[in-house]
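The values are calculated or read from the model by the stated rules, or taken from the named source; none is laboratory data. Keep in mind that what you see is a predicted model, and the values were worked out from it rather than measured. Methodologically, a virtual Cβ is constructed for each residue, glycine included, from the backbone with ideal geometry; neighbour enumeration extends over all protein chains shown.
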Amino acid sequence: MIPFNLQLILIISNILLLIFLLNNIRKYKLELKYTLLWLGLILITFILSIFPSVLNFISSNIYIETPVNALFLIAFAVVFTILYRFTVIISNLTNQTKKLTQELGLLRNELNASLLKKGSKD
């Protein structure tokens, strides 16, 4: 069983995190597609903190001694998933930036070459 103090801390922190995320979405500081994973994490931990019997079931089925450890394992797995997803997004953005930089260099080269041709005709 999860101690009531921890249960209360989880519920309050989930509510505060939800308010923080929604506020950042409202102010256009975060895109909705990137916050969906965080909203999923909030939902999972909120459900697990309200219904600790689910944690008892999970911890007994995967042979974890205390439900609190199962909660930390689940949180770690979800945060790891979020971290991996953002790593993939950053890698894609890095590749796009490199491609755009190369295209910009080629366009500048073509522009300089056309300006030199035009300058030599005059």
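A few notes on this one:
- Unique residue being among the polar types (S, T, N, Q) and farther than 30 Å from LEU8 by Cβ when the list is THR35, THR101: THR101
- In the range 45-53, the count of residues that are of a type outside the set (Asp, Glu), farther than 27 Å from ILE25 by Cα and touching a helix residue (DSSP H, G or I) at 6+ places or on another chain (Cβ under 7 Å) is one or more.
- SER49 more than 17 Å from ALA77 (Cβ to Cβ), at pLDDT below 90 and not charged (D, E, K, R): no
- Search result, residues across the range 13-35 that are at pLDDT below 85 and assigned to a helix (DSSP H, G or I): LEU32, LYS33, TYR34, THR35
- Counted residues, the range 80-122 - those being touching a residue at least 24 places away in the same chain (Cβ under 8 Å) and either touching a Cys at 6+ places or on another chain (Cβ under 9 Å) or of a type in the set (Val, Ile, Thr) (or both): 3
- For the range 42-88, the set of residues classified as part of a helix (DSSP H, G or I) and among the polar types (S, T, N, Q) consists of THR45, SER49, SER53, ASN56, SER59, SER60, ASN61, ASN69, THR81, THR87, listed by residue number.
- Residue match in the range 21-31 (condition: closer than 18 Å to PHE80 by Cα, surrounded by fewer than 11 Cβ atoms within 10 Å (Cβ to Cβ) and among the basic types (Lys, Arg)): no
- Failed item in (1) of a type outside the set (Ser, Thr, Tyr); (2) over 15 Å from the mean Cα position of the chain (by Cα); (3) over 23 Å from ILE9 (Cβ atoms), with LEU93 passing the rest: (2)
- Among the residues of the range 93-122, those that are assigned to a helix (DSSP H, G or I) and either among the charged types (D, E, K, R) or under 18 Å from THR35 (Cα atoms) (or both) comprise LEU93, LYS98, LYS99, GLU103, ARG108, GLU110, LYS117, LYS118, LYS121.
- Residue among LEU10, LEU39 that is over 17 Å from LEU83 (Cα atoms), assigned to a helix (DSSP H, G or I) and in contact (Cβ under 8 Å) with a residue 12 or more places away in the chain: LEU10
- Near pairs, Cβ below 9 angstrom, 6+ apart or cross-chain, from the range 54-79 (without any contact (Cβ under 8 Å) to a residue 24 or more places away in the chain and under 25 Å from THR35 (Cα atoms)) to any residue that is surrounded by 15 or more Cβ atoms within 10 Å (Cβ to Cβ) and polar (S, T, N, Q): ALA70/ASN56; ALA70/SER59; LEU73/SER59
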